[in-house]
Structures are given as C-alpha cells and as structure tokens.
Amino acid sequence: KNGALLAALAAAIVDGFHPGVAARMQVGRSSARAGPQMHALPADVKGLVEEIRVATQEALTARLSRIDVELPLGMGLMSGEQAQDIHASSRELARVYCEMFSQLEATSVVAFGTEALALEARKAWGNAVRVKCVALTAGTVGKKERALPAPGFGASPASDKPAKKAPPGSVPAGTEIVFAVGPFDPPALAAVEGIARGFGMDTLVVLLNAHLDNADQYASAAQRDFFQGGFARVFCFRPLKTSSDPPQELLVYRAHPGQWTLARMRASGRPQAIAEQPGLFAREEIEQALSRAGPPAASGALEAIGNFFGK
C-alpha cells in the first residue's frame, strides 16, 4: 500500500505542479559554471524550485514517506527577495509544495507551529490555496487552552467533555500528505512526531524548514534521533560562513538522490562547487575541501545570497 501511494504521489507532482509558481519569481542571471565533474547547482530561484520538485519526485519514487526540505530562514521564494519574516519565508515554501501537489489538496494538510501562523497563511493565500491549515500547538490562542491529543493517535482524551473545535495538531482521518512548516519549538516538534507516529508510513510527512541540525528544538535525544534518523534529507540549501579572517561564504547543498555538495557563493550566478561526498559535511571535511580549493574570489554573503534570489 505504501509503495503504490507514494508512486501515485510522485506522478501527481508531475501532473499537478503549476509552472505559474516559477513564472511569478524573480529570476537572476547566470553565466558561471560549477566545478568540473560536479553537479551543476541552480543559478536562480526558478532553477532552485525545479530542483526541489525533481528531488521530491525522486524521493517518492524511492518510496520515502518521511522527507525533510531545508532552505535558509528568511529567504523569499515567491517574493523574489530576502524576506524579513522567517515565518513568511517558510510559508512561501509551503505554498510551493501545495501548488506542487495541487491535485491532492483535498487530502493534504499544512501544519503550522501556532494558530496565529495558520491564520496568517489562510489570509495570505486566500482562495488560491485550498489546502487545510492546522496549528500544531495552541500558541497564543486562548488564555488557558490546553493542547489535546488528536483522535486516532492512540491517546485517551483528557476529559469526557467534547471539544468545541478541533484541538491543535489534529489532522483529519484519510489525510495522505502533511506539510509540517518550521521553524519549530519543542512543543510543535513533539506534535509533528505524534502525527508521524500516529498516521504511520502510509501518510507522506514533509518537513519544511525544520532545520534538523538545530539542537535547541529537541526535548530529548530520542526525539532528535527520531527526526534526524527517520527523515531523509531530500533537499538542502544551507549557507555557511567560516570563522576565518576574512570569512568565506559557503553553501551546503543536496538534492536527492545526489551527493552532498560544498560550494562557494558568488556575487552573481550559480555557486561554485568545490567538493562532493555521500554524506553531510563535517567541520573538518569543510576545512579540508577549502584547503584543496585554494583562495576564493571576493564577495559578501548578503550580496551573494541576495543576487541568487534575484534581489
């Protein structure tokens, strides 16, 4: 059942993705090439979204139903510029995925950290996106409201009194796709874990901007292992800055099923790939790759990333 469902979801991406998403984006110019015999990194936002689409399709074809997608917090996709609100940038990524799976909107859910964020998404999207939005935690809604376990998650209700509305984190039965939108705090992440465990592997769970290497969001080592070990890093676009003087502006990149790529950011055009390997780069491996690559051309981080996003 799991394999048949994921194959159908993979096909839905191809048929349901709206080219209009990319058309609304500001596209930067590209002339530079990546390093020899290395994966050509995307040169602009349009190319980035296409890489995300292909990587997601490949993951579903490989029967992966736990997917992690990471972009820089605060970077706009559909606005074509650097967003000031980290939640707005994650919301834009969620909208890209909603449009990517538009044929399955009736059985999809977007889960935000709080009800306020879910309401903001409904307001921003209007009738353009009809996917159900839910809150993972009570957040600031209600002074004494308590997050109740969602029905079907194997937990008993806190009381016999029926709830007036669906509790935070509740996802309707029959949901095929859950887009969990980060960044998360520990309560929200715990709710995502409950959804993933409760629905099982027959439901596709996609983490959007969860930033799984951020240790502060985990309540325990077991929870960290659940997410870091159970979710495939299907797409990662992570800018880094070295501690050297002057610092170097780098990019860690991966699009499933390809290798992890270490690249230098450029003032314009695509980043310059300098190393590739099967797993995520450790600090020592980054230092070794930089030593082999030699000195970089001068460029600033904000300028490089801003130009990439068509600012």
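The values are calculated or read from the model by the stated rules, or taken from the named source; none is laboratory data. Remember, predicted model here, so these are calculated numbers, not experimental data. Cβ: placed from backbone, ideal geometry, glycine included. Neighbour counts: every protein chain shown. Just so you know, the surface numbers come from the protein's heavy atoms only, side chains and all, with ligands and any DNA or RNA stripped out. Shrake-Rupley method; radii C 1.70, N 1.55, O 1.52, S 1.80 Å.
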- [ ] Show the residue pairs that are 6+ apart or on different chains and have beta-carbon atoms under 7 Å apart, the first residue being within segment 192-216 and closer than 28 Å to Phe281 by Cβ, the second being part of a helix (DSSP H, G or I) and aromatic (Phe, Trp, Tyr).
- [x] Glu193/Phe226; Val206/Tyr97; Leu208/Tyr97; Leu212/Phe227
Task: Hits in segment 239-278 - residues which are within 21 Å of Asp68 (Cβ to Cβ), open to solvent by 30 Å² or more (accessible area, probe 1.4 Å) and without any contact (Cβ under 8 Å) to a residue 40 or more places away in the chain - done: Arg254, Gln277, Pro278
Task: Criterion violated by Val110 - all others in (1) among the β-branched types (Val, Ile, Thr); (2) outside any loop (DSSP other than H, G, I, E, B); (3) at pLDDT below 95 satisfied - done: (3)
Task: Residue among Ala135, Ala59, Ala111 that alone is in contact with a Pro (Cβ under 6 Å, 6 or more places away or on another chain), closer than 22 Å to Phe226 by Cβ and not β-branched (Val, Ile, Thr) - done: Ala135
TODO: Output the strands (runs of 3 or more DSSP E) that fall wholly within segment 192-268 and possess 1 or more residues being over 16 Å from the mean Cα position of the chain (by Cα), or say none.
DONE: 232-241, 249-255, 260-264
Open item on the list: Restricting to segment 91-120, and then to whatever is in contact (Cβ under 8 Å) with a residue 60 or more places away in the chain and small (Gly, Ala, Ser), can you tell me which residue is farthest from Thr203 (Cα to Cα)?
Closed with: Gly113
Task: So Phe281, is it part of a loop (DSSP other than H, G, I, E, B), touching a strand residue (DSSP E or B) at 6+ places or on another chain (Cβ under 6 Å) and crowded, with 21+ Cβ neighbours inside 10 Å - done: yes
- [ ] Output the number of residues of segment 86-105 satisfying the condition of being at pLDDT 95 or above and surrounded by fewer than 18 Cβ atoms within 10 Å (Cβ to Cβ).
- [x] 0
